[in-house]
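J.: One structure is given below, represented as structure tokens, and several questions about it will come after.
The values are calculated or read from the model by the stated rules, or taken from the named source; none is laboratory data. Computed from a predicted structure; not experimentally measured. Note: ideal-geometry Cβ built from the backbone for every residue, glycine included; neighbour counts use all protein chains shown. Heavy atoms of the whole protein, side chains included, go into the accessibility calculation; ligands, DNA and RNA do not. Shrake-Rupley method; radii C 1.70, N 1.55, O 1.52, S 1.80 Å.
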Amino acid sequence: QVQLVESGGGLVQPGGSLRLSCAASGSIFSINAMGWYRQAPGKPRELVATITTDGSPNYADSLKGRFTISTDNAKPTVYLQMNSLKPEDTAVYYCNADTVTDHYWGQGTQVTVSS
């Protein structure tokens with residue numbers, strides 16, 4: 001079992017920045033990749049970015065250049081730096097960890113971009 005705890009969400013003005021963190025615990029040796037997804041009201045959950053344990057990132061095409069995913073395998077923790085935020089980035093952001101056999105999710109953290 002892997003447990004994930006997100007932090008760093010909140011209210012930010014358009015054009016601002018936020019940094020999300022997700023700390024993993026439990027069977028962390030089994031994790032192959034971690035990432036972030038988001039779900040806006042009335043919309044399906046969508047990929048934001050993922051990163052493998054060897055540091056290879058993958059981004060949703062629409063978010064490349066504004067969002068950056070990184071990881072500290074020693075902790076282990078995955079980060080999402082979000083810049084130039086737009087109102088359409090408003091969503092609940094979920095941390096994800098993948099093993100060979102399972103997918104784990106955090107509880108989600110709300111990000112609201114509004115003036």
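J.: Step by step: first the residues of the stretch 82-115, then only those that are open to solvent by less than 50 Å² (accessible area, probe 1.4 Å) and polar (S, T, N, Q), then the one that is modelled with the lowest pLDDT. Which residue is that?
T.: The extreme case among them is 99.
J.: Looking at residue 79 and the list (1) outside any loop (DSSP other than H, G, I, E, B); (2) more than 17 Å from residue 23 (Cα to Cα); (3) of a type outside the set (Gly, Ala, Ser); (4) open to solvent by less than 40 Å² (accessible area, probe 1.4 Å), which single condition is not satisfied?
T.: Result: residue 79 fails condition (2) only.
J.: For the stretch 58-76, enumerate the residues that are of a type in the set (Gly, Ala, Ser), assigned to a loop (DSSP other than H, G, I, E, B) and open to solvent by less than 50 Å² (accessible area, probe 1.4 Å).
T.: Passing the criteria: only 60.
J.: A follow-up question, please. Taking residue 4 as the residue in question, decide whether it is among the aliphatic types (A, V, I, L, M), surrounded by 12 or more Cβ atoms within 10 Å (Cβ to Cβ), more than 18 Å from residue 107 (Cα to Cα) and under 15 Å from the mean Cα position of the chain (by Cα).
T.: In short, no.
J.: Looking only at the stretch 10-57, how many residues end up being assigned to a loop (DSSP other than H, G, I, E, B) and surrounded by fewer than 18 Cβ atoms within 10 Å (Cβ to Cβ)?
T.: 17
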